[in-house]
Amino acid sequence: MNSEIMKCKRCRLHETRTNAVPGEGPMDARVMFVGEGPGKKEDEKGRPFVGRAGELLNEMLLHADLSREQVFITNIVKCRPPGNRDPREDEKKTCSEYLSRQIEIIKPRAICTLGNHATSHFLGVGEMGKRHGRTFQVEQMTVIPLYHPAAALYNPNLKGVMKEDFLSLRKILY
């Protein structure tokens with residue numbers, strides 16, 4: 001599927017990308033992390049969460065006794081929106097087929113949504129302040145909304161909240 005994503009031209013995002021970012025991790029991962037879309041560094045390298053937000057995600061994974069090598073990390077859209085704008089509804093809808101197939105193949109025990117866009121994709125609404133760190137059952141999947149690491153880079157007060165949520169994630173998984 002990665003090669004299909006790398007060649008995808010189903011929406012306009014392919015016109016401005018450097019690299020598509022299909023996601024990475026073991027195909028039998030217990031946990032899948034889903035963000036909004038690739039940023040500048042991710043577009044350059046073709047890998048998810050490799051910039052500053054990725055460094056913070058790696059740090060937070062340690063609080064849940066996890067490492068990048070144990071989880072699958074992907075995004076709703078697989079190509080960077082120009083100017084780092086929010087992905088448009090038609091772009092999210094077009095790319096959601098890839099995400100659905102990834103979930104079908106990997107069959108994660110839990111899907112951790114990172115931020116409002118990913119959370120609203122699964123729950124129909126974001127509202128992170130009300131939902132972060134809690135578990136929701138959606139079509140036989142456990143969905144756990146978490147703040148996006150970039151949010152904690154902009155608002156350092158969220159870093160402590162994220163740490164607590166990742167500590168809770170450890171309890172859910174083990």
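Values in this text are rule-based calculations from the coordinates and carry no lab data. From a predicted model like this one, the values you see are computed outputs, not experimental measurements. Note that we place each Cβ from the backbone using ideal geometry, even for glycine, and neighbour counts take in every protein chain shown.
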Within the chain, pairs of Lys residues whose Cα atoms are less than 18 angstrom apart, provided they are eight or more positions apart or on distinct chains, add up to 15
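Please give me, ordered by residue number, the trypsin sites (Lys or Arg not before Pro) of segment 38-103 that lie in loop per DSSP and have at most 13 other Cβ atoms within 10 Å.
In loop regions of segment 38-103 (DSSP not H, G, I, E or B), the sparsely surrounded trypsin sites (Lys or Arg not before Pro) are Arg85.
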Total charge dipole magnitude, segment 66-152, about the Cα centre, Cβ charges on Lys, Arg, Asp, Glu only, Debye to nearest 20
160 debye
Taking only Cα atoms, what is the 0 to 90° angle, nearest 10, from helix 89-106's long axis to the longest principal axis of the chain?
60 degrees
According to a simple spin-label model (label point 7 Å from Cα along Cα-to-Cβ), what is the distance in nm between Lys40 and His63?
2.7 nm
Report, to the nearest 10°, how far helix 52-63 tilts away from the longest principal axis of the Cα atoms in the chain, using its own Cα long axis and a range of 0 to 90°.
30 degrees
Can you tell me the FRET efficiency between Leu167 and Arg12 if r is taken as the Cβ-Cβ distance and R0 is 30 Å, rounded to the nearest 0.05?
0.15
Return the FRET efficiency for the residue pair Asp28, Arg134: r is the Cβ-Cβ distance, R0 is 35 Å, and the value is rounded to the nearest 0.05.
0.85
